[in-house]
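Worksheet: the structure to be examined is printed underneath.
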Amino acid sequence: MHLPDRFQSIQALRGVAALLVMVGHLFGAERTHGGDVFAPEWVILGFAGVDLFFVISGFVIAFTAFPLAPTSAAWRVFAWNRLTRLYPMWWLFCGITVMGLIVASGLYYEPEALAGEDPVINLVKSILLAPQAGLPILPLGWTLTHEVYFYAVFSGFVFLPRRLWPIGLALWGLGLGVLTALGANAAHAEDWLALIAHPLSAEFILGALLGYALRRGFRPPVWSALALAAIWTLALGFWLKDVETATFPSNWTRVALFAPPCFLLVAAGLGAELRSNWRPPAFLIQLGDWSFALYLVHLIIFAGIGRFVWPLFAMPGPVDSLIWLSVMMIASIAASGVIHHGLERPLLQLLRFGGGPITDRLAPRR
């Protein structure tokens, strides 16, 4: 069966993941800028969108890299296209964040996010997406630090015979377990060892195994995967119904809770698309195209509206929060569309080798 270069189900799930993360941040936005509470604490479970992103990322990278010839030319193109997918947009939004912080507080950093780290060092590490004791200048950049690490590790797989990929991924996963057993299990990737040992790499590995399996002819089941994902999610919701911000799952607990339903959801979407030519709703596909821009911009939109606009029209009661949280989300989605079409897509076309998929330009080798 012919495999497409782009799966619509994957794009739609990217859109879902970005929406989930944005919803997860409503909790903090309301507590920071609002009065009466409308958003319940369980909305922070939207942070599971990060786990969905990591599974998707593993799938896309493995699926894209599989046909490449194991040559230095293929490696250079693969690495370049991966890094230019992240860094230019990240640098732009780092700059916007710095300017916003200067306007708001006269500082280019948030003291509470530094964790004792020198502000200049924090800024440099933020720009490079290197591990750091505190949070990056734009806090959600911590996830991109993991992404860059994923790219770096998997770039080595380009040179491996494809039949060895499952062994390599299994050894990677085993290494995570060994490092955890040895005590390298920090909740935050505060240094290189903590990043290398971090359990979230397991979600990328799961996605990569799925991408490899699809290239080898595996066609995921649909209804059984959906049923398992639904059962797992219902059980998860019941177990975490009283979740609090301070106790949001981390490390292997987070992976054990969120990775299986995310993996099953991705597999079910791929299976439906391949087996029955199913297509997700067009608006989710469109949102998937905008997902990186939405991921980067929504916290800035939240902060801008929350700090400068909401106070001018604030009213007593939870309806006020409902209105302004809705305005924040709508404005974030609208801004992401403008950013994607006006900046992100032209930038990607400019920076990519030849402007098209790397598999169009490098001889396949299996």
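Please treat every number below as a calculation from the coordinates, not as lab data. Keep in mind it's a predicted model, so treat the numbers as computed, not measured. Cβ: placed from backbone, ideal geometry, glycine included. Neighbour counts: every protein chain shown.
If the chain linking Arg275 and Val309 were pulled fully straight, counting 0.36 nm for each residue of separation and taking away their Cα-Cα distance, it would gain 7.4 nm. A Förster radius of 22 Å combined with the Cβ-Cβ distance from Val124 to Glu41 puts the calculated FRET efficiency at roughly 0.05.
Within the range 1-104, report the trypsin sites (Lys or Arg not before Pro) that DSSP leaves as loop and that have at most 14 other Cβ atoms within 10 Å.
Numbers: sites: Arg6, Arg14, Arg31, Arg76, Arg82, Arg85; in loops: Arg6.
Listed in order of number, the matching sites are Arg6.
Evaluating 6.51 cos²θ - 1.76 cosθ + 1.60 at θ = phi - 60° for every residue in the range 306-322, the Karplus couplings come out as x, 8, 10, 10, 3, x, 6, 10, 4, 10, x, x, x, 4, 4, 5, 4 Hz, glycine and proline recorded as x. Here the 3J(HN,Hα) profile of the range 104-109, calculated from phi with Karplus coefficients 6.51, -1.76 and 1.60 at θ = phi - 60°, is 6, 9, x, 10, 9, 8 Hz, Gly and Pro shown as x.
The alpha carbons of the range 8-356 give a radius of gyration and a Dmax of 20.3, 64 Å, in that order.
Across the range 57-66, coupling constants 3J(HN,Hα) worked out from phi with the 6.51/-1.76/1.60 Karplus curve, θ = phi - 60°, read 4, x, 4, 4, 5, 5, 5, 6, 7, 4 Hz, and Gly and Pro carry x. The distance separating the Cα centre of the range 316-340 from that of the range 117-180 comes to 32 Å. Residues considered: Glu190, Glu112, Glu147. Largest GNM mean-square fluctuation over the chain, using C-alpha springs under 10 Å, is found at Glu112. A straight chain from Val178 to Thr71 at 0.36 nm per residue would run longer than the Cα-Cα distance by 35.4 nm.
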